[in-house]
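In what follows, a single structure is set out as structure tokens and then discussed.
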Amino acid sequence: MLKPEDYHAILRARKQGWSIRKIARRLHHCRETVAKVLKDPRPKRFTRKKCTRVSVLDRHRQAIAERISRATDDLGVSSITVAEIFRFLRDSQGYKGGEHPVRNYIIDHNLLDKGVNTTFRGRKIDSRRKVSLDVLRALCLASTESARSILKDIAQLELADISESTVKNMQTRIKAEYLLGHATTKGVRDKTHVSFPLFFRFLFRYEMPSELREMFTPEELPTLKKLLLSKTARKRRQAAAIVLYKKGLSRRAVARMLASHKSTVTGWWRSYEQHGLDRIVDDPKKPRKADDVALRNALHALLHSPPSSHGINRTSWILRDIREVLKVQGYSVCVDVIREIIRSEGYKWRKARRVLTSNDPEYRQKLDKIKSILSTLGQNERFFSIDEWGPFYVTMREGRRLVAPGENPCIPKFQTSKGCLIMTAALELSTNQITHFYSETKNTGEMIKLLNILLKQYKRCKKLYLSWDAGGWHASKELYETVDKVNGTAYRRKHHTPRAELAPLPASAQFLNVIESVFSGMSRAIIHNSNYGSLKVSGVQ
């Protein structure tokens, strides 16, 4: 079923000029659904379809009605629940279904009517939510005339329909329940309703009970009324507990009526005896441990000291160790408070990251030189990133692969090599072209060989810049002599070659060599997950 936001999205897309096909494709709806929305743009309300087939509970309908009628009082208010009806059908009528179908059947056939819907202070009151029961319990502290007025206003009954004797009998029964402490036993057990703070709000709409005038002083009555009519549930329950305490009820009975613990009720009574009702109005909040300045300073000092200084054999702090050290220092706090303080101070748990660095003292000067060459590189100049890849041994290699169900690829740890190769390559950065050849070793002779290949391949250029890492064969005396030779005037006139200039990278700075990324991509493409039979099969000529 489409939601209102789906309707709005379809209409908004249509307003932007989208076709029905495009709306259906982009918003993932059927084209027929989009057409229906455009034809009738008002969202449809969800309506529950009533079951039209014969229900198993039809044979028990008379028994359900009789059971409900036996649990209905003089005012037509039924105190039976669906769970009780379900147990009745299961135990005595042979019903073998579940409770949920019984609930749906009773709702669909309107068999359980627990009272009259009305309005109180602009809010709808439904006796199915046990509000009418609170109104009746309020009658125990009201006079007869006030009780008749309450019934007229809340239950919407005529005065002629309620006799004075009926009201008095009702008051007697409810007051007995109230004094014995059984009025809200079911509500407290189900934890669905607490009635006494609510019935005071109904009662004070009409009059201030004379019993309360005798219990409290004239100065306390306005404060008491303010608390009992408060919008805060805690204040209403505290005031109700004090009223019941004044009336002489036991701590256990009051705790059961207000769905509170006995120690909580005792604390309310002691607070009233020591400070009066003003303490409830002010409601001073208990200081939070996370706001304790001494605790925050102790934790701050602790975080700036290593765990070893406190006898803990660790290099970093964990919350459990921080709690134990603070406990020794006299601060009893839990892990949640420690976590809150740490986050409020801006501390965060971070893992140290390994970064690429270089130990070359001339790192900045060499890097600035390369950047300057690249920024002013002319049209007849070329810049080469040079390096060797390997040695690569032709064996079965690991890697990610697509396998069939039940297949588990494995790579032997010890394998016999089918060959070995090294690739020496140069990447020209302006045209992104690679010049390479295969060799058996890494030495100065291979560098000189690559230099001669580049001079011959790019003989139309004016200057070649050669950049490589700080390998020993990249900075040999023989290589420097060869570079000086090819840069000589006689050699250049004879062979018509460009000038070669060296731009070495800083030491331990292989991450600056651009050709490394090419080698990495090549390894993922043709080396990982490979199993070549020989060097020839691997593509080496």
With a cut-off of at least 1 residues that are modelled with pLDDT under 50 and out of contact with any Ser or Thr (no Cβ under 6 Å at 6 or more places or on another chain), name the helices (runs of 4 or more DSSP H) lying wholly within segment 189-241.
-> 196-203
Would you point out the residue of segment 281-322, among those that are charged (D, E, K, R), farther than 24 Å from S271 by Cβ and open to solvent by 80 Å² or more (accessible area, probe 1.4 Å), that is farthest from the chain's Cα centre (by Cα)?
-> R314
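Results for (1) open to solvent by less than 60 Å² (accessible area, probe 1.4 Å); (2) more than 30 Å from A507 (Cα to Cα); (3) among the hydrophobic types (A, V, I, L, M, F, W, C), shown as yes or no for each residue.
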position	(1), (2), (3)
K371	no, no, no
L374	no, no, yes
R382	yes, no, no
R397	no, yes, no
R400	no, yes, no
K413	no, yes, no
Kindly list the number of the only condition in (1) open to solvent by 100 Å² or more (accessible area, probe 1.4 Å); (2) assigned to a helix (DSSP H, G or I); (3) of a type outside the set (A, V, I, L, M, F, W, C) that fails for S263.
-> (1)
Tally the residues that are open to solvent by 70 Å² or more (accessible area, probe 1.4 Å) and modelled with pLDDT under 85, restricting the search to segment 419-440.
-> 1
Checking I342 against (1) without any contact (Cβ under 8 Å) to a residue 24 or more places away in the chain; (2) open to solvent by less than 80 Å² (accessible area, probe 1.4 Å), which single condition isn't satisfied?
-> (1)
List the number of the failed condition for G390; all other conditions in (1) within 29 Å of S530 (Cα to Cα); (2) more than 50 Å from the chain's Cα centre (by Cα); (3) small (G, A, S) hold.
-> (2)
Among K449, K459, K442, K463, the single one that is within 26 Å of T376 (Cα to Cα) and out of contact with any Ser or Thr (no Cβ under 6 Å at 6 or more places or on another chain) is K463
Please state which one of S508, S476 is within 23 Å of K366 (Cα to Cα) and open to solvent by 50 Å² or more (accessible area, probe 1.4 Å).
-> S508
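Would you confirm whether any residue within segment 479-496 is in a loop (DSSP other than H, G, I, E, B), surrounded by 16 or more Cβ atoms within 10 Å (Cβ to Cβ) and not aromatic (F, W, Y)?
Initial filter on segment 479-496 (in a loop (DSSP other than H, G, I, E, B)): 487-488, 496.
Still in the running and surrounded by 16 or more Cβ atoms within 10 Å (Cβ to Cβ): none.
Within segment 479-496, not a single residue is in a loop (DSSP other than H, G, I, E, B), surrounded by 16 or more Cβ atoms within 10 Å (Cβ to Cβ) and not aromatic (F, W, Y).
The values are calculated or read from the model by the stated rules, or taken from the named source; none is laboratory data. Since the structure is predicted, the reported quantities are computational estimates derived from the model, not experimental observations. With ideal geometry, Cβ positions are generated from the backbone for all residues, glycine too; neighbour counts draw on all protein chains shown. Protein only, heavy atoms only, side chains kept; ligands, DNA and RNA dropped before computing areas. Shrake-Rupley method; radii C 1.70, N 1.55, O 1.52, S 1.80 Å.
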